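A short worksheet on the structure shown next.
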Amino acid sequence: MIDEPLYLKSPAAAVATGPDPAVVQRVSEMLLTIDRDGLDAVRRYSRELDDWDPPSFEVSSAQIAEASDSLPDGLKESIEFAQAQIRNFAQLQREALTDFEAETLPGVFLGQRQVAVGSVGAYCPSGRVPMLACAFMTVLVAKTAGVETVLACTPPRQGQLHAPTLHAIATSGADRIFAIGGVQALAAMAFGLLGDRPEPVDMIVGPGNAFVAEAKRQLFGRVGIDLLAGPSEVAVIADDFADPELVAADLLAQTEHGPTSPAVLITTSSTVGHSVIAEVARQLDALDQRAPGAAATPRKAWHDHGTVAVVADREQAAALSDEFAFEHLEVQTREDAWYLERLRNYGSLFLGARATVAFSDKAIGTNHTLPTGQAARYTGGLSVAKFLKTLTYQRIETDAGVGLIAPHVEEIAHADLMPAHAATATKRLERLSRSTLSGP
């Protein structure tokens with residue numbers, strides 16, 4: 001625990017903990033129905049929830065081409081730029097995950113291989129905010145990891161396919177794209193209901209609403225998942241060096257994700273704290289002036305879940321930040337390098353006033369699929385590593401190696417009351433004495 005900070009602003013509403021029982025029940029019913037009735041149930045839910053019932057859920061190459069042709073060149077160039085950054089960072093991550101083999105005892109060789117999962121289902125939303133970069137972070141990274149087959153599902157948006165999302169998914173390398181939304185999309189991928197030769201995917205990734213998150217939770221085990229993400233979160237650590245205008249802008253940017261998105265300022269300067277509160281109010285008004293209604297969601301999120309905490313020093317700032325363990329953490333101080341070494345719990349870290357979460361959300365290269373709800377205490381975000389299985393192997397090339405290991409295995413197995421385990425070691429020792437233990 002840390003000393004109590006001075007709160008200049010506290011949340012007006014409590015943060016919900018745990019899944020909504022009504023959501024849990026509804027998702028459970030849907031998954032059971034789809035598991036039983038297959039694609040017919042998927043189609044029924046698609047009609048009911050999205051008013052969407054095309055002859056085929058699969059998006060054709062002609063539809064993809066039409067979507068791409070409809071986009072302005074500037075947007076396509078920006079998508080291509082972002083994809084290049086995400087691909088480059090993912091390739092660097094992949095190169096850091098290596099195979100190896102080492103002789104750990106005379107004649108005893110242990111090793112590991114990095115093997116990509118066989119197939120992945122990527123869910124790319126296109127609802128209130130489409131989030132084009134979702135395709136980069138899921139489809140493209142999976143392909144960079146070496147995943148052979150990537151299916152992508154994206155829901156219709158206001159009764160039609162969202163052209164920028166389709167283009168982003170297709171150019172990120174998806175093998176097949178299906179226009180299905182929500183729980184029914186995840187179930188169709190997990191249960192193997194899509195395509196002319198349907199097979200279940202090995203893993204499902206991608207963001208979504210509370211129903212999508214709950215479907216991933218219930219499907220975990222039948223398939224792998226990336227992580228269970230809740231509302232987007234941001235914290236900023238700032239001292240008297242920080243620019244209140246930039247701090248306020250970065251806090252508000254993440255509240256744009258939804259009305260339950262927490263935004264926290266941790267500062268060693270009460271002057272900066274008060275200035276940021278004033279800047280948030282000013283910038284919310286400016287948002288509404290530029291686009292009426294644009295500030296509604298950020299305003300509610302800031303009112304209900306915004307926090308400004310004044311702390312005594314950098315140690316208390318770091319300790320409080322680690323307690324929050326937020327998805328996004330910005331540091332705008334005179335001592336950014338110190339914080340880089342000290343901080344432990346965050347999804348992704350943004351150092352200095354030049355860096356901002358939005359760069360990572362859209363185009364800089366690091367993945368934006370990150371842990372929320374304090375999960376950063378024990379896990380990082382989506383990366384190439386999530387699509388790889390670290391598979392170990394062992395081989396013993398000499399009798400001496402068996403002689404070194406087997407007696408210890410006998411002792412431990414007997415202590416474990418597992419005589420059959422002990423026998424596997426004993427029988428090999430017996431063969432050593434007869435010099436009959438050999439391999440190919």
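Read-outs throughout are calculated quantities, based only on the coordinates presented, and are distinct from any laboratory measurement. Predicted model only: the values in this text are computed from it and were never measured. As a convention, Cβ positions derive from the backbone with ideal geometry for all residues, glycine included, and neighbour counts pool all protein chains shown.
Given R₀ = 45 Å, FRET efficiency for ASN88-ALA420 by Cβ-Cβ distance, to 0.05?
0.30
If you take the beta carbon distance between LEU432 and THR98 as r and set R0 to 51 Å, what does 1/(1 + (r/R0)^6) give as a FRET efficiency, to the nearest 0.05?
0.90
Give me the base-10 log of I(q)/I(0) for segment 281-337 at each q in 0.16, 0.24, 0.28 Å⁻¹, Debye formula, one uniform scatterer per Cα, rounded to two decimals.
The Cα Debye sum returns log10 ratios of -0.70, -0.98, -1.12.
What ranking do 192-198, 86-92, 45-51 get when scored by the average of other Cβ atoms within 10 Å per residue, highest first?
Output ranking for 192-198, 86-92, 45-51: 86-92, 45-51, 192-198.
Which order do VAL120, VAL139, VAL59 fall in if you start with the one that has the fewest other Cβ atoms within 10 Å?
With the sparsest Cβ surroundings first, the list reads VAL59, VAL139, VAL120.
Return the single residue from PHE178, PHE220, PHE109 with maximal mean-square fluctuation; model: Gaussian network over the chain, springs between Cα atoms under 10 Å.
In the Gaussian network model the winner is PHE109.
For the chain, modelled as a Gaussian network with Cα springs under 10 Å, which listed residue fluctuates most, ALA415, ALA187, ALA12?
ALA415
Seen from all sides and averaged, what is the projected area of the convex hull of the Cα atoms in the chain, in nm²?
The orientation-averaged projected area of the Cα hull of the chain comes to 27.4 nm².
Could you rank the peptides 228-239, 266-277 by their average count of other C-beta atoms within 10 Å per residue, with the highest value first?
228-239, 266-277
Which trypsin sites (Lys or Arg not before Pro) does segment 117-209 hold that lie in a coil by DSSP with at most 15 other beta carbons within 10 Å?
ARG128
Would you mind checking the pairs LYS9/LYS362; LYS143/LYS216; LYS143/LYS300; LYS300/LYS362; LYS216/LYS362; LYS362/LYS386 and listing those with alpha carbons more than 28 angstrom apart?
Checking Cα-Cα distances, LYS9/LYS362; LYS143/LYS300 exceed 28 Å.
In a GNM of the chain with a 10 Å cut-off on Cα contacts, which of ALA14, ALA353, ALA215 has the highest mean-square fluctuation?
ALA14
Most exposed first by the Cβ proxy, i.e. fewest other Cβ within 10 Å, how do TYR123, TYR378 rank?
TYR378, TYR123
Report the relative contact order of the chain, percent, no decimals, based on alpha-carbon pairs under 8 angstrom and at least 6 residues apart.
Relative contact order comes out at 20 percent.
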